[in-house]
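Values in this text are rule-based calculations from the coordinates and carry no lab data. Only a predicted model underlies this, so the values are computations on that prediction, with no experimental measurement involved. Cβ placement follows ideal geometry from the backbone for every residue including glycine, while neighbour counts extend to all protein chains displayed.
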Amino acid sequence: MKVTMFAQAPYRYLPDDFETDHESVCSVPYSLTTREGVYSSMRDFMDELMLGARSGFDAVAVTEHGQSSYDMVPNPDLVAGALAYMTEAEGLDVGIYPMGRSLGKSREPLRVAEEYAMIDVMSGGRLVPGLVVGLSYDASINNGVPPMEVRRRFDENLELVLRAWREQTPFAFNGRFSQYPMVNMWPRPLQQNLPVWITGIGNPATMQMCLLRGFGFNYLSWFGAKLTGQRIFDRFWEIADQVGVPRNPYRLGFLQTIAISETDERAEQEYGAHLEYAFRKGLGSIPMEKLALPGNIDIRGVQAILKDPGDFGLYSQMKTATYRDLVEAGVVIAGSPATVRDQLVDFCRSYGIGNLHAMLGFGSLPRHLVMKNIQLFSEEVLPHLRDLWTDTEHQHHWWPERLGGSPADVHVPTSDEMAGAR
Amino acid sequence: MSTQATEPTITEEIISVWNGKITMRVKVAGAGTPLLYLHPAAGLAWDPFLSHLAERYTVYAPEFPGTSVGDPHAIHNIDDLGDVVLAYEELVRKLGLTKPVVVGQSFGGMLAAELASTFPDLPSALVLLDPIGLWLEDHPPANWIITPPDKLPALLFHDPSSAAAQAMLAMPEDPDQQIAAIAGMVWAFGCTGKFAFPIPDRGLRKRLHRISVRTLVVWGRDDRLVNVAYADAFANAVAGSKVAIIDDCGHIPQVEKYADTVTAVDEFLG
């Protein structure tokens, strides 16, 4: 089992009544912030990641959310670059995992390839590159890409990025969204085969693409993993069976918000209000129509969602969700170290999850509690997860070689193979 | 003058365009001079206005690529607004229409103006009903694509509670049909939005001067989606064009103020 520490940089000082006065975290007036609040939110976020890097996690993971208060990171590679150098300088064998560089919104895909290559070099071959289609509102409202073009831009950009990493001689690229007379990246990644990860919300087409092409697939527990896990993970492994790919748990990643204290009761006392902040003022505050703008999801997908919105779990109640609601739905796993590790082991074992991304800072949680959460997790939970799956024959092909993985070449599918995925 | 046209017999023509990559479905009704009707962003709905036009014209109402039931992915075969304009010109030729009157509503109005700008000799007359396609800094058009569904009626109608508005907004009662209708509308917004998002201005302003036919610009005075100020913006850009402002009316005059709109259009077309 590989266990990463995932963190976002939320602005931690939004007013108590934020969610009643504002429709969305995507349009928070910056006038609500203070300079000190922004600085400390960002500085603490970086310090938390470094504590994670020093605490035995297999990787530190970050992502991007343009123009939003719940994750003030417009480009995870800025953060990853700092972490790459610092961890290399300290001799820490920890993966640098930018989980969600959005290719659906990127108008400079070659820049993404270049940034990742540089991080891999700076870290001495410890990059775990994550790529996502991108959230609908972010790609379209924040970044002006017509919703119908987001997925197609992702598809084209992905081809270019993979090729730019791989080719050893200059080439021209004549795409629909970008054209380059010469692609000749310097530097190239140190790793011969970068272990590519895609994060999704359960779209079967995305899962099928990951399985066919040899990418890892990440799923996030935001909507309540106890409500959605069975649907999403079963779907993933059923598609794996259909396309004839082995059920190797290492190809599946799962991101979970976790809150640990000495006892279950104390966890609620310490973390409850901050978790409510995280979801009421964060993800739960994004209106559904901005998560799925017209044209962003294929018409068959729209019909499926309207018929059965089960993939979205607790989402519709998130704006008023209580700590108990969040825990019951599995949006959060919280309690004593024993409570948390029992649930995590059980969950990962049940669904064949070989990579856990532990989100240990969230919402308005102050620095000292994030640090406590990280410390308790690394000391009391992490050791119990590490050996999960070591009794199986499975190899981890989605992890850097320097960190014990054996990444394989990504598969370029035939048009027949891809036909069903589009 | 009657306020309600009789329902004509509507037939369908299937025309292959764009080197066989797009099969366009065209609803056809009426008799006489050809009239090309270009529908708004939500897709084609045959309404009393079209039935009225079909009393005097042969109305050809194509469905925008991707909005035809059963063929949603046709939209992926067409990339840019320039391609759309060429595909529609090809459609007009293949339908054998000589100098049709071209009428367009909202997104269809932009398309009609683009078609007439690119091919000045194609139409015999042009009627634009609250078209999109321009951008005034002081009156930015509302972004209907990112508007929550429950707020759309107030954007589209001066009086969303009116019978005309309610009839247009009515949903099928059968749950499956309702899902199909909602998904169809969402997808139609996506298909047309490909050429109008994020800002419904793809440079039409610099092409409008090429329009050389009689043009009528119709606008609802209370249009909350595209401000009535755009009526003058279009009229100033198209030499010799006429403007008809419809009172107590939102973005869809032919539905919300059917009689007034029909009067203005009939008067113009003569």
>> If you split all Cα-Cα distances of region B:52-116 into 10 Å bins from zero, what percentages do you get per bin, shortest first?
In response: 18, 52, 28, 3
> Got a sec to turn the phi values of region A:55-65 into Karplus ³J(HN,Hα) couplings, 6.51 cos²θ - 1.76 cosθ + 1.60 with θ = phi - 60°, whole Hz, x for Gly and Pro?
Replying inline: 9, x, 5, 6, 7, 10, 10, 9, 9, 10, 8
> Residues in region A:53-74 near a label at residue A:21, defined as backbone nitrogen under 19 Å from the 7 Å Cα→Cβ point?
Replying inline: A:68-70
> How large is the convex hull of the Cα atoms of region A:70-112 per residue, expressed in Å³ as a whole number?
Replying inline: 92 Å³
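Pulled fully out, how much extra length does the chain show between residue A:108 and residue A:342, if you take 0.36 nm times their separation in residues and subtract their Cα-Cα distance? Don't skip to the end; give the middle numbers.
Details: separation 234, 0.36 × 234 = 84.24 nm, distance 4.39 nm.
Stretched out fully, the residue A:108 to residue A:342 stretch lengthens by 79.8 nm.
How high is the FRET efficiency from residue A:238 to residue A:179, r the C-beta distance, R0 35 Å, rounded to 0.05? Please list the in-between numbers first.
Working: r = 39 Å, r/R0 = 1.13.
Efficiency, from the Cβ-Cβ distance: 0.35.
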> Using only the Cα atoms, what convex hull volume per residue in Å³ does region A:216-354 have?
Replying inline: 108 Å³
> Going by the alpha-carbon gyration tensor, a ≥ b ≥ c the square roots of its eigenvalues, is chain B rounded (a/c under 1.5) or, if a/c is not under 1.5, prolate (a/b greater than b/c) versus oblate?
Replying inline: rounded
>> Whole percent per 10 Å bin, from 0 to the bin with the longest distance: what is P(r) over all C-alpha pairs of region A:1-133?
In response: 12, 40, 32, 14, 2
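Please list the equivalent ellipsoid semi-axes of region A:317-399, computed as the square roots of five times the alpha-carbon gyration tensor eigenvalues, in descending order and whole angstrom.
In descending order, the three semi-axes are 26, 16, 12 Å.
Only Cα pairs under 8 Å and at least 6 apart count here; give the relative contact order of region A:124-226 as a rounded whole percent. Provide the component values of the computation, followed by the final result.
Working: 101 pairs, mean separation 27.2, N = 103.
RCO, region A:124-226: 26 percent.
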> At a Förster distance of 22 Å, what's the computed FRET efficiency of residue A:392 paired with residue A:93, Cβ-Cβ distance as r, to 0.05?
Replying inline: 0.40
> Helices from chain A with mean Kyte-Doolittle at least 1.0 and a Cα length along the axis of 27 Å or more, per DSSP H: which?
Replying inline: none
> Amide H to amide H, which residues 5 or more places from residue A:257 or on other chains are under 5 Å from it, using H placed in the peptide plane?
Replying inline: A:221, A:333, A:359
>> For region A:157-237, what are Rg and Dmax over the alpha carbons, in angstrom?
In response: 16.6, 49
> When the chain is fully extended, how far beyond the present Cα-Cα distance does residue B:136 get from residue B:45, taking 0.36 nm per residue of separation?
Replying inline: 29.9 nm
>> Averaged across orientations, what area in nm² does the convex hull of the alpha carbons in region A:270-422 project?
In response: 12.7 nm²
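Which percent, nearest 5, of DSSP beta bridges in the protein assembly as shown are antiparallel?
Around 20 percent antiparallel, to the nearest 5.
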> Over what distance in Å are the Cα centres of region A:266-316 and region B:87-117 separated?
Replying inline: 42 Å
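Using only the Cα atoms of region B:222-270, build the gyration tensor, take square roots of its eigenvalues as a ≥ b ≥ c, and label the shape rounded, prolate or oblate: rounded if a/c is under 1.5, else prolate if a/b is larger than b/c, else oblate. List each step's numbers first, then the result.
Numbers: a/c = 2.85, a/b = 1.09, b/c = 2.63.
In terms of gyration-tensor shape, oblate.
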> Relative contact order (percent) for region B:33-163, with alpha-carbon contacts under 8 angstrom and 6 or more residues of separation?
Replying inline: 24 percent
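From the P(r) of chain A, can you give the percent of Cα pairs sitting at distances over 36 Å? Walk me through the numbers on the way to the answer.
Values: 16993 of 88831 pairs.
Value for chain A (Cα pairs over 36 Å): 19 percent.
Given the pairs B:27/B:94; B:151/B:206; B:99/B:194; B:27/B:99; B:206/B:242, which span a C-alpha to C-alpha distance of over 21 angstrom in this model? Walk me through the intermediate numbers first.
Values: B:27/B:94 15 Å; B:151/B:206 33 Å; B:99/B:194 28 Å; B:27/B:99 18 Å; B:206/B:242 19 Å.
Over 21 Å Cα-Cα: B:151/B:206; B:99/B:194.
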